[in-house]
Amino acid sequence: MVDMIVVGAGAAGLVSAITTARTGHTVLLLEQNNKIGKKILVSGNGKCNIDNKYISTNRFHGQNPHFIQEVLEGQGFDIVKKFFTSIGLELIEGKEGKMFPMSLQASSVVELLEYEAKRAGVEIICDCAVTSFSKEDDTFIVETSQGNKRCKKLLLASGSPAAPQLGGSNSGYAFATKMGHSLIPRHPSLVQLCSDETWVNACAGVKVAGVAQLYANGDYITEKKGDLLFTNYGISGLAVLDLSREVSTRLANYDYCELNLDLMPELSKEKLTNLLLGRIDEGSEKPIEIWLHGVINKKLISIILEQSKCKAKQENDLNRKEVSKLVYTIKNLKLSINDTKGFKGAEVATGGVNTTEINPQTMESKLVPNLYFAGEILDVDGDRGGFNFHFAWVSGIRAGDNF
């Protein structure tokens, strides 16, 4: 029997296993995949956006903000940097405070974590799916595809249903509820959005730097700035991923969701109007579609003309009224959203184990002594930019430090 079994060799599981083993305790790390850290390996397009230098509680979400605040208190970026320095990984800063391994290779992160885990004495077993567990007196009995394992303490770091192709599943939630824990509903987040409007297919591949405003049932909700990438199923891009948590939650409540897309946020309404008016050659019979080629991606022109209800057919038909219609549409292109790409397309999931039932100082269950939780299995998710990793590292370190 070992001192602790950690279920899930992702970010939180690896860090907690290392932290626990460093104190001299025996640790068994179980991973259902054929290798550890699969989500780490694909993060940041293979570069691994490992953390963010500017940690703030408002970059994290969940139904119990007080829990998030307590977990993060005194656990900023410096704590994570100290841990990774201790295993030999140097970090560099990118845009918006994003931190990366100096090698710009996610594989460096996984390989150094694996080496340190084994050096500290952690036993890692891959292709080992946990099917059930129970508690008898002070001992946990963990049933796996490779036989039963026993431990004094058990840490569930089995993640969320996001990215099932990388091993994401609901298994940890089933174990948590079996032990009496309640769950907050899970929804995809940091995910692409779908639309049943046919015009997006014709615009597939177009990418612009813009602003996306979210409206639900006609009411303005929020907006994000960044890349907008039109696809054959709807829309993606950084601004869309940043909005997706709110969209996913609203869609789950059967709200009607619509995006207002500003395709030229760097130009005010007045500046764009003056730009277009200044381009008009009153004697020109140039078709309006060709005239707009000099301003905006040609794949977007037909939908802009349709939504604007511009009556001008050629350049010499344009006047301030018709130009105003075009300007409004360019800065308010409407796209209804009817779905997301689901957990398969999601980087993370909202919801999870109810954090009112977890001690934020130790990550131990308030319901079951010696049962711990860390990482995405909990009802905490972060913004894009390294914040989800930060919570995984910090919650893992807290669990390991409080063995």
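Which whole number in µm²/s is D for region 28-106 by Stokes-Einstein, with the Kirkwood Rh taken over Cα pairs at 25 °C and 0.890 mPa s?
Values: Rh = 14.3 Å.
Here the translational diffusion coefficient equals 172 µm²/s.
On full extension of the chain, what length is gained from His66 through Thr26, given 0.36 nm per residue of separation minus the C-alpha to C-alpha distance? Write out the running numbers ahead of the final one.
On the way: separation 40, 0.36 × 40 = 14.40 nm, distance 3.25 nm.
Full extension from His66 to Thr26 adds 11.1 nm.
Distance in nm between label sites at Met1 and Lys299, each 7 Å beyond Cα in the beta-carbon direction?
6.1
Students sometimes get this wrong: rank Ser248, Ser302 by accessible area, probe 1.4 Å, all chains present, largest first.
Numbers: Ser248 5, Ser302 80 Å².
Result, largest first: Ser302, Ser248.
Could you sort 152-158, 280-286, 324-330 so that the peptide with the highest average Cβ count within 10 Å comes first and the rest follow in order? Working shown, then result.
Numbers: 152-158: 26.6, 280-286: 12.1, 324-330: 20.4.
The peptides rank, most packed first, as 152-158, 324-330, 280-286.
Give the long-range amide H neighbours of Lys135: residues separated by 5 or more places, or on another chain, with amide H under 5 Å away, using H modelled in the peptide plane at 1.01 Å from N.
Result for Lys135 returns Ile141.
Of Lys98/Lys153; Lys299/Lys321; Lys53/Lys149, which sit over 28 Å apart, Cα to Cα? Numbers along the way, then the final one.
Values: Lys98/Lys153 34 Å; Lys299/Lys321 24 Å; Lys53/Lys149 39 Å.
Over 28 Å Cα-Cα: Lys98/Lys153; Lys53/Lys149.
Tally Lys/Arg at +1 and Asp/Glu at -1 over every other residue whose Cβ is under 12 Å from the Cβ of Ser145; what's the total? Before the final figure, lay out each step's value.
Numbers: positive: Lys149; negative: Glu31, Asp127, Glu143.
Residues close to Ser145 contribute a combined charge of -2.
Determine how large the accessible area of Phe84 is when every protein chain is in place; take a 1.4 Å probe and give Å² rounded to the nearest 10.
0
List, in the order given, every pair from Lys271/Lys341; Lys39/Lys82; Lys225/Lys271; Lys224/Lys298; Lys35/Lys344; Lys269/Lys309 whose Cα-Cα distance in the structure shown is over 26 Å.
On the way: Lys271/Lys341 37 Å; Lys39/Lys82 22 Å; Lys225/Lys271 19 Å; Lys224/Lys298 24 Å; Lys35/Lys344 19 Å; Lys269/Lys309 18 Å.
From Lys271/Lys341; Lys39/Lys82; Lys225/Lys271; Lys224/Lys298; Lys35/Lys344; Lys269/Lys309, over 26 Å: Lys271/Lys341.
Enumerate the amide H contacts of Asp51 below 5 Å, restricted to partners 5 or more residues apart or on another chain; note that Pro and chain-start residues carry no placed amide H.
For Asp51, whose amide H was placed from the backbone, the distant partners under 5 Å are Met99.
Rounded to two decimals, what is the ratio between the C-alpha radius of gyration of the chain and 2.2 N^0.38 Å? It would help to have the intermediate numbers written out before the result.
Numbers: Rg = 25.1 Å, N = 403, 2.2 N^0.38 = 21.5 Å.
Against the empirical 2.2 N^0.38 Å value, I get 1.17 for the chain.
Residues in region 94-128, backbone N under 19 Å from the label point at Arg150 (7 Å along the Cα-to-beta-carbon vector): list them, ranges by number please.
Residues passing the 19 Å test: 123.
Not counting ligands, DNA or RNA, and with a 1.4 Å probe, what is Thr131's accessible surface area in Å² rounded to the nearest 10?
Thr131 has an accessible surface of roughly 90 Å² with all protein chains in place.
Tell me the angle of helix 298-308 to the major Cα principal axis of the chain, expressed in degrees between 0 and 90 and rounded to the nearest ten.
Around 70 degrees separate the two axes.
Give me the net charge of Ala163's neighbourhood, meaning all other residues with Cβ under 14 Å from the Cβ of Ala163; Lys, Arg count +1, Asp, Glu -1.
With Lys, Arg at +1 and Asp, Glu at -1, the net is +2.
In square nanometres, what is the average projected area of the Cα convex hull of region 72-195? Spell out each step's value before the answer.
Values: hull surface 46.3 nm².
Computed as one quarter of the Cα hull surface, the answer is 11.6 nm².
Order the peptides 380-386, 52-58 from the highest to the lowest mean number of other Cβ atoms within 10 Å of their residues. Numbers along the way, then the final one.
Values: 380-386: 24.6, 52-58: 16.3.
Averaged packing, sorted descending, gives the order 380-386, 52-58.
The values are calculated or read from the model by the stated rules, or taken from the named source; none is laboratory data. Because the structure is a prediction, the values reported are computed rather than measured. Because the Cβ atoms are built from the backbone with ideal geometry, glycine has one as well, and the counts that use them run over all protein chains shown. Just the protein is used for accessible areas: all its heavy atoms, side chains included, with ligands, DNA and RNA removed. Shrake-Rupley method; radii C 1.70, N 1.55, O 1.52, S 1.80 Å.
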